[in-house]
């Protein structure tokens, strides 16, 4: 029935800061950018290699979602990378704090976490 994940939707608190982060820091391609006047909201469609998308939304007065301690619901987004050290260097060149590399006890794969401008936990997972 399911063939894959089409997109993940993220609501940000500062549209320009998040747009910069996802396009310039993470390097996602912009597919479309729309301002919805009735909702006073931007919707930015971003594409990852392979076609999966992130929809970045801005809504005024959106409530803060707790990330720490971990709340119920979606825990984090994980991005596949070829060389985790290269990805970490790219993030650190933009002054993004990255946690120490860990090893998945079940797969033996290396991974680490960092956060977007709103504190949303994001993961790098080495292929």
Among the candidates 16, 55, residue that is surrounded by 12 or more Cβ atoms within 10 Å (Cβ to Cβ) and out of contact with any helix residue (DSSP H, G or I) (no Cβ under 8 Å at 6 or more places or on another chain): 55
Near pairs, Cβ below 7 angstrom, 6+ apart or cross-chain, from the stretch 27-39 (surrounded by 12 or more Cβ atoms within 10 Å (Cβ to Cβ)) to any residue that is assigned to a helix (DSSP H, G or I): 28/22; 30/23
Unmet criterion (only one of (1) in a loop (DSSP other than H, G, I, E, B); (2) crowded, with 16+ Cβ neighbours inside 10 Å) for residue 42: (1)
Given (1) loosely packed, with under 13 Cβ neighbours inside 10 Å; (2) part of a strand (DSSP E or B), number of the condition residue 89 does not satisfy: (2)
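Values in this text are rule-based calculations from the coordinates and carry no lab data. Since we're looking at a predicted model, the values are computed, not measured. Quick reminder, even Gly has a Cβ in these numbers, built from the backbone with ideal geometry, and neighbours come from all protein chains shown.
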